[in-house]
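J.: Please see the structure below; I have some questions.
The values are calculated or read from the model by the stated rules, or taken from the named source; none is laboratory data. Bear in mind that the values here come from a model prediction, so they are computed numbers and not experimental data. Cβ placement follows ideal geometry from the backbone for every residue including glycine, while neighbour counts extend to all protein chains displayed.
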Amino acid sequence: MKKVLFLVLVSAICFGAKLKLKTMTWTPDEQAVKFHVYCAIDGAVDYDDPFVELTVPSLKLEPGVCGLADGQNYLLAVSQFDAYGHESDLSPEGGISLAADFSPLPAPTNVVIE
C-alpha cells in the first residue's frame, strides 16, 4: 500500500540571522522499512536525483546532506520502501520554505573569570 507523503522546498539563502538546523519529518506507511529523500537543485525531483537512504522517517537538514549548501534552492521529495524492496511514488508537490544559514554562530562575548 502506498501512502502519500510530502515535499519540501528548501531555500538555502542567508538572511543575516543565524537559524537553527531544521529536521524534515513525515508520516510513513506502517509497512515501510526504509526511505529515500531525493534532492534536486533545479526543476522537479525525480528518481535520478541524489538521495539519502534512511531507516527512520526524519532527516536533519544540515550542510552536506544530499549536497545542501548556502545560496541554493532545493526541492526535496520522499519515497518509501516495503520489505520486498518496492519503492513508492515520490511525495506530491506542495512544500515548506526554509531559509537556512549554515555558517557558524559568532564567538561568545563578555567572557570573564571571577
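J.: Taking the stated definitions as given, is C66 touching a strand residue (DSSP E or B) at 6+ places or on another chain (Cβ under 6 Å), part of a helix (DSSP H, G or I) and under 16 Å from K22 (Cα atoms)?
T.: yes
J.: Follow-up question, since we're still on this one. If only one of G85, G71, G94, G64 is out of contact with any His (no Cβ under 7 Å at 6 or more places or on another chain), at pLDDT 85 or above and exposed (fewer than 12 other Cβ atoms within 10 Å of the Cβ), which one is it? First the steps, then the outcome.
T.: Values: G71 fails: at pLDDT 85 or above; G94 fails: at pLDDT 85 or above; G64 fails: at pLDDT 85 or above.
Being out of contact with any His (no Cβ under 7 Å at 6 or more places or on another chain), at pLDDT 85 or above and exposed (fewer than 12 other Cβ atoms within 10 Å of the Cβ) holds for just one of G85, G71, G94, G64, which is G85.
J.: How do the pairs read when you match residues in the stretch 64-85 that are closer than 21 Å to T25 by Cα and touching a residue at least 40 places away in the same chain (Cβ under 8 Å) with residues anywhere that are basic (K, R) and surrounded by 15 or more Cβ atoms within 10 Å (Cβ to Cβ), using Cβ under 7 Å and keeping only pairs 6 or more apart or on different chains?
T.: Pairs found: F81/K34.
J.: Looking only at strands (runs of 3 or more DSSP E) that fall completely inside the stretch 1-56, which ones have 2 or more residues that are of a type in the set (G, A, S) and either at pLDDT below 75 or out of contact with any strand residue (DSSP E or B) (no Cβ under 8 Å at 6 or more places or on another chain) (or both)? I'd like the intermediate steps shown before the answer.
T.: Working: elements: 7-12, 22-25, 34-40, 51-54.
Of the strands (runs of 3 or more DSSP E) lying wholly inside the stretch 1-56, those with at least 2 residues that are of a type in the set (G, A, S) and either at pLDDT below 75 or out of contact with any strand residue (DSSP E or B) (no Cβ under 8 Å at 6 or more places or on another chain) (or both) span 7-12.
J.: Working only within the stretch 30-58, note down all residues that are touching a residue at least 40 places away in the same chain (Cβ under 8 Å) and surrounded by 16 or more Cβ atoms within 10 Å (Cβ to Cβ).
T.: Within the stretch 30-58, A32, K34, F35, H36, V37, Y38, V45 qualify.
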